[in-house]
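I have placed the structure first, in the form of structure tokens, so that the comments after it can refer back to it.
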Amino acid sequence: MGLLNASQLALRTARCYLSPFSSSKSWISTRSIPLEGRNILLMGPPGAGKTTVGRIVAHRLGLPVIDVDDDVLEMTWKMPVAAKLASVGGERFLEEEGQALCNFSASGCVVSLTGSNPLHSEAMQHVRQTGLVIYLDVDSEDIIQRLTRMKVNRIVGQEAGVSMRDILKYRKQFYEKWLDVRVLCGTGDTVEEVAEKVLKAVERYQNHAAETYVSTRCANVRSSNQKTHFSDVVVEGLATDGGLYVPKNGFPRIDAREWLRLAGMSYPERALVLLEKCIHPLDVCALDLRTMAFKAYGSNFSSEAVAPVKHLNHNQYVQELFHGPTASFKDLALQLMPQLFAYCLPPMCNYLILVATSGDTGSAVLSGFSRLSGTDRHRTGMLLQMTSYREGNARAVSVQSDFDFCQRTIKRMFGESGLTGHLAVEYGTVLSTANSINWARLLPQVVYHSSAYLDLCRDGVIKFGEPIDVCIPTGNFGNAMSAVYAKQMGIPIRKVICASNHNRIITDFITTGEYDLRGRTLMLSQSPAIDILKSSNLERFIYHVSDGDGCLVKDLFTRLDRQQHFQVPEPLLGRIQQEVLAGWCSEDDCLAAIQSVHRQTGYVMDTHTAVAKVVADRLQDGLCPVVLCSTAHYGKFAPAVFKALQIRNIPEDPVEQLRKLGSTASRPEMHRDMMTCLRESHKSDFKDIT
């Protein structure tokens, strides 16, 4: 995969000098943690099947089994648990139960905790030190049915006027606090199936060394001895050989019953579970990942649903990805990615984030990194096409060129060993990027494609297993690639439809198999976020459809760098066309689509969503629902939308422009943060004048 550059070598060396027991953070967890001599602690609500699952797991592993109810509490109290609860009451019971657990000592056992053990902090701190806490996350309806059949009457809090659903909801916060590993149980899973999932979770936890990443240009993945973990790829951004990082073993496959569990969850909950599936707990521990996910997708989004799916017309639905603080789909990744980056960075390192942007990415990066608390170790540098910015730790460099030039320049900087070495050695600074070439930018996008399908299931539009298409305005192919990965995880996406504007490089490639930049110049458009000719994430896609042929990928993209052209073999083109469709939209058709949809439905699309709408109308056969990715709020492109809607007498004041557009659209509403930002900007301008 290539030698580490000076910056990466310094970073990994820094990790090696850290005590492996100083913290749970990911930069110390590249070690393997065997479970010999440690307990497997099964935690979950009453009725989760902990006792039976514990017996099955212990039998399979050849370990002793301990049931806290039977083997600890009743042995200590010399009376049944139900009798103890009845005699002392709930509050006193929790205290005495906790003290009994504090006196408990065992090693190398499978231990089934009680449903109320996690409510006692001291007791859980004690037992957690002895082993791995596995949370059996069982569907509440399954639990209620089991408890009803069992006629259980020994649950703390079980009293008149308190429903079992309320008890389960209250306790969930404690289970989330103490878990090391979640076992998500599908609706209707048997105890045997849950036990099998526990065994797989234990195996995954112990086999951290196998959960690594490789470059798309790696010639021989199997013989590569270089161990690159999630924490490495987040900080390093780009592989040493110029390729992009991908998971060596691909994405985990999630079964249908687990997806159905996710359908009933909120967006942050869905994000947390999916990220846990993709990030090893020794890279980012469960509790910290939960904190990040709920911070990323909270009140900073103007919609509680975060990425809601709305019906547009006929079989078309719009997923609104613009409710974040900068009104762009980039927020869905960049409210989380900076937190992951700061978490994965060793304490003694500073970091310089380089970003190529035509607008959307830059503002989303600034928003995401500005929300980091308790650190001044980051600097953000952006290569911009038009404007300049200087505030706090961020600096913008205005470039009289296009996005492709900016992205190409950043990749060259990564390859300059003199620069990266100088920054690492002299300043202790690691160079990285927040563009979608960074894996931590791409991974969160898999969540919203999955979430769109789950919303359609929840709302009764489809049943799980029925297919949908997704149509995505794309230039750098990151958004489209994340939909391909969602499909790999088990979301029944039939076709990913790539929508281009008149630059249409992606469309031409998918249609012909030829990627040709010779004599091709970038044309400005009304959908500037996809004004791109050199699509970086296409490299990940070709790696995916070629079954991980790093030699082929390296040859193609080296040829593109040197000759501005490559052609994929005919069989590979056939596989590409099985996965994706592609079409393009003219500037006139884009504006006409905005006007037509508004006239028919009252809905106002931005220019990028309009590109997707036009292409979906042409290519989608109507046999299943199609989700259009709405990647930006229409207010960000007010001049083009005014033109499309043929609105005259446009106010000069940008705030008034947004008000006028908002009064024209019956949906979606004007973006809250955009209005606030413009108002504050105007106040600042007024102060400067006076």
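Points to keep in mind about this one:
- The range 254-285, residues that are open to solvent by 10 Å² or more (accessible area, probe 1.4 Å), within 15 Å of the chain's Cα centre (by Cα) and among the small types (G, A, S): S266
- Failed item in (1) assigned to a loop (DSSP other than H, G, I, E, B); (2) surrounded by fewer than 23 Cβ atoms within 10 Å (Cβ to Cβ); (3) modelled with pLDDT under 95; (4) not charged (D, E, K, R), with T326 passing the rest: (2)
- A search for C-beta distances below 9 Å between a residue of the range 581-605 that is closer than 16 Å to C498 by Cβ and any residue that is part of a helix (DSSP H, G or I) and polar (S, T, N, Q), counting only pairs 6+ apart in sequence or on different chains, returns A582/T507; A582/T511; G583/T507; G583/T511; W584/T507; C590/T607.
- Exactly one residue out of R618, R648 is open to solvent by 10 Å² or more (accessible area, probe 1.4 Å), at pLDDT 95 or above, farther than 20 Å from F301 by Cβ and of a type outside the set (V, I, T): that is R618.
- Checking each residue in the range 449-486 for being in contact with a Phe, Trp or Tyr (Cβ under 9 Å, 6 or more places away or on another chain) and among the charged types (D, E, K, R) picks out only D455.
For (1) touching a Lys or Arg at 6+ places or on another chain (Cβ under 8 Å); (2) more than 23 Å from P338 (Cα to Cα), each residue gets a yes or a no:
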{"residue": "V461", "(1), (2)": "no, yes"}
{"residue": "N479", "(1), (2)": "no, no"}
{"residue": "I491", "(1), (2)": "no, yes"}
{"residue": "N501", "(1), (2)": "no, yes"}
{"residue": "I505", "(1), (2)": "yes, yes"}
{"residue": "G513", "(1), (2)": "no, yes"}
{"residue": "I532", "(1), (2)": "no, yes"}
{"residue": "Y543", "(1), (2)": "no, yes"}
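- Against the test of being more than 23 Å from T361 (Cβ to Cβ), surrounded by 17 or more Cβ atoms within 10 Å (Cβ to Cβ) and out of contact with any Gly (no Cβ under 7 Å at 6 or more places or on another chain), the options H608, H598, H633 yield a single qualifying residue, H598.
- All positions within the range 511-535 that are within 29 Å of the chain's Cα centre (by Cα) and either open to solvent by less than 30 Å² (accessible area, probe 1.4 Å) or at pLDDT below 95 (or both): S527, P528, A529, I530, D531, I532, L533, K534, S535
- Within the range 228-253, the residues that satisfy the criterion of being within 17 Å of K277 (Cβ to Cβ), surrounded by fewer than 22 Cβ atoms within 10 Å (Cβ to Cβ) and touching a Ser or Thr at 6+ places or on another chain (Cβ under 9 Å) are P247, K248, N249.
- Residue in the range 566-580 that is buried (at least 22 other Cβ atoms within 10 Å of the Cβ), touching a residue at least 24 places away in the same chain (Cβ under 8 Å) and not aliphatic (A, V, I, L, M) present: no
- The set of residues in the range 176-197 that are touching a residue at least 60 places away in the same chain (Cβ under 8 Å), under 18 Å from L275 (Cα atoms) and either open to solvent by 20 Å² or more (accessible area, probe 1.4 Å) or outside any loop (DSSP other than H, G, I, E, B) (or both) comprises E176, K177, W178, D180, V181, R182, L184.
- Selected residue (only one of R371, R379, R390 is within 25 Å of the chain's Cα centre (by Cα), modelled with pLDDT under 70, open to solvent by 60 Å² or more (accessible area, probe 1.4 Å) and among the basic types (K, R)): R379
- Qualifying residue in the range 505-514 (condition: under 30 Å from D561 (Cα atoms) and among the small types (G, A, S)): yes
- Taking the criterion of being closer than 23 Å to L260 by Cβ and small (G, A, S), the only residue of the range 139-162 that qualifies is S140.
- Among the numbered conditions (1) closer than 29 Å to V246 by Cβ; (2) open to solvent by 10 Å² or more (accessible area, probe 1.4 Å); (3) in contact with a helix residue (DSSP H, G or I) (Cβ under 9 Å, 6 or more places away or on another chain); (4) not charged (D, E, K, R), the only one that Q657 does not meet is (1).
- Some residue of the range 223-230 being assigned to a loop (DSSP other than H, G, I, E, B) and without any contact (Cβ under 8 Å) to a residue 12 or more places away in the chain: yes
- Residues satisfying the stated conditions in the range 316-341, i.e. closer than 13 Å to F301 by Cα and either free of Cβ contacts under 8 Å to residues at least 12 places away in the same chain or under 12 Å from the mean Cα position of the chain (by Cα) (or both): K330, D331, L332, A333, L334, Q335, L336
- Odd one out for E320 among (1) within 30 Å of E193 (Cα to Cα); (2) out of contact with any Leu (no Cβ under 9 Å at 6 or more places or on another chain); (3) among the acidic types (D, E): (1)
- The combined condition, being in contact with a strand residue (DSSP E or B) (Cβ under 7 Å, 6 or more places away or on another chain), surrounded by fewer than 22 Cβ atoms within 10 Å (Cβ to Cβ) and not β-branched (V, I, T), is fulfilled by P308.
- Qualifying residue in the range 138-160 (condition: surrounded by fewer than 20 Cβ atoms within 10 Å (Cβ to Cβ), of a type in the set (A, V, I, L, M), more than 16 Å from V110 (Cα to Cα) and without any contact (Cβ under 8 Å) to a residue 12 or more places away in the chain): yes
- The lone exception for D508 - which of (1) open to solvent by 10 Å² or more (accessible area, probe 1.4 Å); (2) part of a loop (DSSP other than H, G, I, E, B) it fails: (2)
- Selection within the range 442-478 - at pLDDT below 95 and open to solvent by 10 Å² or more (accessible area, probe 1.4 Å): N476
- Residue selected from the range 611-632 under the condition assigned to a helix (DSSP H, G or I) and without any contact (Cβ under 8 Å) to a residue 40 or more places away in the chain, by the criterion farthest from D455 (Cα to Cα): R618
- Test for S527: is it in contact with a helix residue (DSSP H, G or I) (Cβ under 6 Å, 6 or more places away or on another chain), hydroxyl-bearing (S, T, Y) and over 27 Å from Q488 (Cα atoms): yes
- Applying the set (1) of a type outside the set (S, T, N, Q); (2) surrounded by fewer than 19 Cβ atoms within 10 Å (Cβ to Cβ); (3) under 29 Å from M481 (Cβ atoms) to K172 leaves exactly one unmet item: (3).
- Selection within the range 84-122 - among the acidic types (D, E) and either without any contact (Cβ under 8 Å) to a residue 24 or more places away in the chain or closer than 18 Å to K50 by Cβ (or both): E91, E96, E97
The values are calculated or read from the model by the stated rules, or taken from the named source; none is laboratory data. Please read these numbers as outputs of a predicted model, since none were measured by experiment. Using ideal geometry, Cβ is built from the backbone for each residue, glycine included, and neighbour counts are taken over all protein chains shown. Keep in mind that these areas ignore ligands, DNA and RNA; they rest on the heavy atoms of the full protein, side chains included. Shrake-Rupley method; radii C 1.70, N 1.55, O 1.52, S 1.80 Å.
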